[in-house]
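Reading through the structure tokens given below for one structure.
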Amino acid sequence: MSDDGHYGLAVIGLVGSVFSPYYARARAKGDAHPEQHCAMNVVLYGPGGKRWAMTERGAGDLRRSGDELAIGPSSISGDASGLTIKIDEVTVPWLSRLRGEIQISFDAIQPQHLSLDDAGHHYWWPIAPMARATVTMKQPELRWQGHAYV
């Protein structure tokens, strides 16, 4: 099934998930390990509604290197020209699969991060504010191309 842009997709790889009540509890106790609270947050939205996945996983399901972040069966890998995002997740609260691949090609790259506070503790880095996405989902079966922001 092809679509003319009525669908949207957001993907965030989280190490130390800010959305995790378990991580928040561990941080409050002072024994938090970000690697124990990882998730690939995936949201697909469109005419059929929203599908959302964010399974929290531990350090044993985390793999990362200079060019890849993999959490469970999903991954984000890339180089200076773009990203490949492979999604294989289960949605909640209604169980279904989100499975597919997103190719992101960068049109422009922001070479450095921007400080959000005077102390330099918080940064914003729109790595590729202008990019192109090619989405090929197997579950649900959808395909489209459009603008992307990394």
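The values are calculated or read from the model by the stated rules, or taken from the named source; none is laboratory data. Just so it is clear, the model here is predicted, and its values are computed rather than measured. As a convention, Cβ positions derive from the backbone with ideal geometry for all residues, glycine included, and neighbour counts pool all protein chains shown. The accessibility values were calculated without ligands, DNA or RNA, using every heavy atom of the protein model including side chains. Shrake-Rupley method; radii C 1.70, N 1.55, O 1.52, S 1.80 Å.
Taking every C-alpha pair closer than 8 Å and separated by at least 6 residues, the mean separation divided by the residue count of region 1-82 gives a relative contact order of 25 percent. A full extension of the chain between residue 138 and residue 95 corresponds to an added length of 13.9 nm, given 0.36 nm per residue minus the alpha carbon distance. Only protein atoms count toward the accessible area here, which uses a 1.4 Å probe; on region 31-119, the carbon and sulfur part of that area reaches 52 percent. When the inverse distances between all different Cα atoms of region 1-148 are averaged and flipped, the Kirkwood radius reads 16.7 angstrom. For the set 75, 105, solvent exposure ranked by accessible area (probe 1.4 Å, protein chains only) runs largest to smallest as 105, 75.
Return a whole-number percent for the relative contact order of the chain, with Cα pairs under 8 Å and 6 or more residues apart as the contact set.
Taking the mean separation of contacting Cα pairs over the length of the chain, I get 17 percent.
Per residue, the chain exposes an accessible area of 62 Å² to a 1.4 Å probe, with every protein chain left in place.
The HN-Hα couplings worked out from phi for region 61-71 by the Karplus form 6.51 cos²θ - 1.76 cosθ + 1.60 (θ = phi - 60°) are 9, 9, 9, 8, 8, x, 10, 8, 10, 10, 10 Hz, whole numbers, x standing for Gly and Pro. Each residue of region 120-132 is assigned a 3J(HN,Hα), and the resulting list reads x, 8, 10, 10, 10, 9, x, 4, 9, x, 10, 8, 10 Hz, derived from the Karplus form 6.51 cos²θ - 1.76 cosθ + 1.60 (θ = phi - 60°), x at Gly and Pro.
In deg cm²/dmol, rounded to 500, what helix-only [θ] at 222 nm does the chain give when every DSSP H run of at least 4 residues adds -39500 (n - 2.57) and the total is split over its residues?
One gets -1500 deg cm²/dmol as the mean residue ellipticity at 222 nm.
Between the amide H of residue 138 and those of 99, 100, 101, distances stay under 5 Å, these residues lying 5 or more places away or on another chain, with hydrogens modeled in the peptide plane. What does a probe at residue 103 reach in region 120-139, counting residues whose amide N is under 17 Å from the point 7 Å along Cα→Cβ? Within reach of a label on residue 103, which here means backbone N under 17 Å from a point 7 Å along Cα→Cβ, region 120-139 contributes 131-138. For region 67-127, the relative contact order is 21 percent, taking Cα pairs closer than 8 Å that sit 6 or more residues apart in sequence and dividing their mean separation by the residue count. About its Cα centre, the dipole of region 49-114 is roughly 300 debye, where the only charges are +1 on Lys and Arg Cβ and -1 on Asp and Glu Cβ. Place +1 on the Cβ of every Lys and Arg and -1 on the Cβ of every Asp and Glu in the chain, take the dipole about the Cα centre, and give the residue among 137, 49, 62 whose Cα lies farthest towards its positive end. The Cα lying farthest towards the positive end belongs to 49.
Where the only charges are on Cβ atoms (+1 Lys, Arg; -1 Asp, Glu), what is the dipole of the chain about its Cα centre, to the nearest 20 debye? Kindly include the intermediate steps, with their values, before the conclusion.
On the way: 14 positive and 16 negative charges, 93 e Å.
Value, rounded to 20: 440 debye.
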